[in-house]
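**Q** Just passing along the structure, written as structure tokens.
The values are calculated or read from the model by the stated rules, or taken from the named source; none is laboratory data. Values in this document were obtained by computation on a predicted structure and should not be read as measured data. All Cβ positions, glycine included, derive from the backbone under ideal geometry; neighbour counts span all protein chains shown. We work out accessible area using only protein heavy atoms, side chains counted, and drop any ligands, DNA or RNA first. Shrake-Rupley method; radii C 1.70, N 1.55, O 1.52, S 1.80 Å.
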Amino acid sequence: MGIRIVSAGERHIEQILAIEKRCFSVPFTEEQLRSQMPDGSHVLLVAEEDGRVLGYVGLMYVLDEGYISNVAVAPEHRRRGIADMLIIELRRVCGDLKLVFMTLEVRAGNEPARSLYKKHGFTDVGRRKNYYTLPTEDAILMTSYLN
């Protein structure tokens, strides 16, 4: 059937949480994740194949500004272009919402993620000292302007 990018729903919660726990040292809780479910200020997209969630991206928006909470792909499904598909669809949704930019934080040492974001038009715009824990690490702020 192939990979589809769809808006997250209740049926995706458990699988998104499982990916969170595998990808992040300080994963979102179920309550935090539920607070990001699609509504008038949040977008949560999942990449699914045959009923399985392979990855997801979350965004909170206020007025014309978008803030990406997480981009994650299950380790066994990486290198298949799933993060690319999620970001491309998120950019389309942000265009529909008439957002001016999307911004995010990424670990300074996470070169694969930083390369992915640069590929999609994000540029470094700042640094947050000791932003992350487990381990402690700076965050690089990256922004993509959407025209």
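**Q** So Asp138 passes all but one of these: (1) open to solvent by less than 50 Å² (accessible area, probe 1.4 Å); (2) of a type in the set (Asp, Glu); (3) under 21 Å from Leu33 (Cβ atoms). Which condition number does it fail?
**A** Result: Asp138 fails condition (3) only.
**Q** Of the residues that sit in the range 99-147 and are aliphatic (A, V, I, L, M) and in contact with a Ser or Thr (Cβ under 6 Å, 6 or more places away or on another chain), which one is farthest from Val62 (Cα to Cα)? Working first, answer last.
**A** Initial filter on the range 99-147 (aliphatic (A, V, I, L, M)): 99-100, 102, 104, 106, 108, 113, 116, 125, 134, 139-142, 146.
From what's left, in contact with a Ser or Thr (Cβ under 6 Å, 6 or more places away or on another chain): 102, 125, 134.
Working: Met102: 11, Val125: 19, Leu134: 30 Å.
If we take residues in the range 99-147 being aliphatic (A, V, I, L, M) and in contact with a Ser or Thr (Cβ under 6 Å, 6 or more places away or on another chain), then Leu134 is farthest from Val62 (Cα to Cα).
**Q** Is the range 6-13 home to any residue that is among the aliphatic types (A, V, I, L, M), open to solvent by less than 50 Å² (accessible area, probe 1.4 Å) and in contact with a strand residue (DSSP E or B) (Cβ under 7 Å, 6 or more places away or on another chain)?
**A** First, the residues of the range 6-13 that are among the aliphatic types (A, V, I, L, M): 6, 8, 13.
Still in the running and open to solvent by less than 50 Å² (accessible area, probe 1.4 Å): 6, 8, 13.
Add one more test, that the residue is in contact with a strand residue (DSSP E or B) (Cβ under 7 Å, 6 or more places away or on another chain), and what stays is 6, 8.
Yes, the range 6-13 has at least one match.
**Q** Does the range 23-37 include one or more residues that are in a strand (DSSP E or B) and surrounded by fewer than 14 Cβ atoms within 10 Å (Cβ to Cβ)? If you could, list the steps in order and put the result at the bottom.
**A** From the range 23-37, those in a strand (DSSP E or B) are none; that's our starting set.
No, the conditions are met nowhere in the range 23-37.
**Q** Can you pull out the residues in the range 1-31 that are under 14 Å from the mean Cα position of the chain (by Cα) and under 25 Å from Glu137 (Cβ atoms)?
**A** Within the range 1-31, Ile16, Leu17, Ile19, Glu20, Cys23, Phe24, Pro27, Phe28 meet the criteria.
**Q** Oh, and also: For residues that are among the hydrophobic types (A, V, I, L, M, F, W, C) and within 23 Å of Asp64 (Cα to Cα), scanning just the range 100-130, find the one that is most open to solvent (accessible area, probe 1.4 Å).
**A** The first filter runs over the range 100-130 and keeps only residues among the hydrophobic types (A, V, I, L, M, F, W, C), leaving 100-102, 104, 106, 108, 113, 116, 122, 125.
Add one more test, that the residue is within 23 Å of Asp64 (Cα to Cα), and what stays is 100-102, 104, 106, 122, 125.
Numbers: Val100: 65, Phe101: 39, Met102: 0, Leu104: 6, Val106: 8, Phe122: 5, Val125: 80 Å².
Restricting to residues being among the hydrophobic types (A, V, I, L, M, F, W, C) and within 23 Å of Asp64 (Cα to Cα), the top hit is Val125.
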